1. Inspect segment 121-133 for any residue being surrounded by fewer than 23 Cβ atoms within 10 Å (Cβ to Cβ) and free of Cβ contacts under 8 Å to residues at least 12 places away in the same chain and give the result as yes or no.
2. Using beta carbons and a limit of 6 Å, which pairs, at least six apart or on different chains, have the first residue in segment 206-232 and over 13 Å from Asp189 (Cβ atoms) and the second one part of a helix (DSSP H, G or I) and among the charged types (D, E, K, R)?
3. Run Ala138 past the list (1) aliphatic (A, V, I, L, M); (2) farther than 17 Å from Leu20 by Cα; (3) within 11 Å of the ligand (Cβ to nearest atom); (4) without any contact (Cβ under 8 Å) to a residue 60 or more places away in the chain and report the number of the one that doesn't hold.
4. Output the helices (runs of 4 or more DSSP H) that fall wholly within segment 1-110 and possess 3 or more residues being free of Cβ contacts under 8 Å to residues at least 12 places away in the same chain and away from the ligand (no atom under 13 Å from the Cβ), or say none.
5. Suppose we keep only residues that are buried (at least 24 other Cβ atoms within 10 Å of the Cβ) and not aliphatic (A, V, I, L, M) within segment 21-54. Which one would you say is nearest to Glu2 (Cα to Cα)?
6. For segment 191-219, which positions are more than 8 Å from the ligand (Cβ to nearest atom), of a type in the set (A, V, I, L, M) and surrounded by fewer than 17 Cβ atoms within 10 Å (Cβ to Cβ)?
7. Return the only residue of Arg230, Arg125 being basic (Lys, Arg), assigned to a helix (DSSP H, G or I) and under 27 Å from Leu81 (Cα atoms).
Amino acid sequence: MEVKGCAVITGASSGIGRELARRLAAEGWPLVLCARREEALRALAVELEKSCGVHCGMVAADLGTEEGTETLLRALEERELGVFVNCAGFGLAGSFAETELSRELEMLDVNVRAVLVLTKHVLRRMKAQGHGCLLNVASSAGLLPAGPFLSAYYASKAYAASLTQAIHEELREEKSPVRVSCLCPGPVDTEFNAVANVRFALPGITAAYCADCALRGLARGQAVIVPSLRMKLAVAGARFVPRGLLVRLTAGQQRKKL
Ligand SMILES: NC(=O)c1ccc[n+]([C@@H]2O[C@H](COP(=O)([O-])OP(=O)(O)OC[C@H]3O[C@@H](n4cnc5c(N)ncnc54)[C@H](OP(=O)(O)O)[C@@H]3O)[C@@H](O)[C@H]2O)c1
């Protein structure tokens, strides 16, 4: 992708977001890194300014709050937005009757509300600029009908996947120069498991490999990017399995993670 403006990454303090930041910096993009942990953002900014010679701005903000999304949008007011990645997010495991409602509401604020608000504002800015690429990090969970034992997380990622695919089609119909893609990985080795309190039933891919696939797919203008052949086959195969059976099979996989 031609470097024009800056690249903004939410959830840049760890995992997939941090690797996306490393790759975009290596391509020469000036960055704006956003997450809550300021120290982790600072360490990454110092690393990338040294190794890639790009300027790295930081916005420490809780995107689960209205104030947090506003702080990020205010910090970007004067910037040209070449790439924007909505990567911040987390999961919550357990049987639905037992999981904490307050934590689920926090999750919806980050995985759904912040994605909606930031996508709307950033897309308008990119359309006005006449260029830009927006990447929303959903999950392969978002392409499946439901995920027992990670129920609200699956539902939140279905929202992100559905929203992003719809916008992709609207932009395609308008022949817009702005691109929107949805990243839908299966298991990736990051801090996700510790935060969601699960362990993967299947081996995960590395965040670095996931970030490489994401940026290749974004550059190609793919609507949905599913890294790894195994996950691509699983997602494609799922289309031929009756919905009820698929939910039961997903429940079996998810139960193993608890
Ligand atoms: N790992 C997987 O298997 C997998 C698979 C499919 C999709 N995903 C998705 O990929 C995205 C990145 O996850 P990851 O695997 O890289 O996990 P991770 O290592 O736990 O990273 C999550 C990132 O989100 C940020 N974040 C969480 N809550 C936030 C908040 N309230 N405000 C601002 N930032 C917040 C965290 O930063 P702070 O804690 O510093 O705020 C961190 O940088 C998530 O949306 C996740 O759902 C992950």
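The values are calculated or read from the model by the stated rules, or taken from the named source; none is laboratory data. Just so it is clear, the model here is predicted, and its values are computed rather than measured. Here Cβ is always computed from backbone atoms with ideal geometry, including for glycine, and neighbour counts include all displayed protein chains.
1. There is at least one residue in segment 121-133 that is surrounded by fewer than 23 Cβ atoms within 10 Å (Cβ to Cβ) and free of Cβ contacts under 8 Å to residues at least 12 places away in the same chain.
2. Leu215/Arg23; Val226/Lys232
3. Condition not satisfied by Ala138: (2).
4. Working: elements: 15-26, 38-52, 66-75, 101-108.
Result: 38-52.
5. Only one residue tops the list, namely Trp29.
6. Matches in segment 191-219: Ala201, Leu202, Ala208, Ala219.
7. Working: Arg230 fails: under 27 Å from Leu81 (Cα atoms).
Of Arg230, Arg125, the one residue that is basic (Lys, Arg), assigned to a helix (DSSP H, G or I) and under 27 Å from Leu81 (Cα atoms) is Arg125.
Here's the yes/no breakdown for (1) farther than 25 Å from Arg37 by Cβ; (2) part of a helix (DSSP H, G or I); (3) at pLDDT below 95:
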residue: Tyr159; (1), (2), (3): yes, yes, no
residue: Gln165; (1), (2), (3): yes, yes, no
residue: Leu171; (1), (2), (3): yes, yes, no
residue: Pro177; (1), (2), (3): yes, no, no
residue: Phe200; (1), (2), (3): no, no, yes
residue: Cys213; (1), (2), (3): yes, yes, no
